[in-house]
Amino acid sequence: MAGAAATPQSVADLSGPQADWTRVHGLRCELAVELAVPGVKVRDLMSMRSGTVINSRWQLSADVPLRVNGELIAWSEFEVVGKKLAVRITELA
């Protein structure tokens, strides 16, 4: 559903095959949205401050990879929600 915020299900809401996932709900994972920015140098990173804008060659319509613990799980796009930058999943990998 477009525009709806995703809310995680509570463990109590799970039944059937989803109940098998209750054992791993508390495990930490690393979520990464990868956006290639060629030509950035260490000195550029060192001079970054809050509000710094980095130009990329990524096209607005191009999906970006979404990885969990290094494993590609989906393709996504950036979206502005209020004053925050969000990621919308467009296709599962």
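None of the figures in this text is laboratory data; all of them are computed from the coordinates on show. Quick caveat, the model's predicted, so the values are computed rather than measured. Cβ placement follows ideal geometry from the backbone for every residue including glycine, while neighbour counts extend to all protein chains displayed.
For the range 59-64, what does the Karplus curve 6.51 cos²θ - 1.76 cosθ + 1.60, with θ = phi - 60°, yield as ³J(HN,Hα) per residue in whole Hz, taken in order and with x for Gly and Pro?
Karplus values, whole Hz, x for Gly and Pro: 7, 4, 7, 7, 6, 10.
What size of dipole, in debye to the nearest 20, comes out for the range 40-93 about its Cα centre when the only charges are +1 on Lys and Arg C-beta atoms and -1 on Asp and Glu C-beta atoms?
Roughly 380 debye, rounded to the nearest 20.
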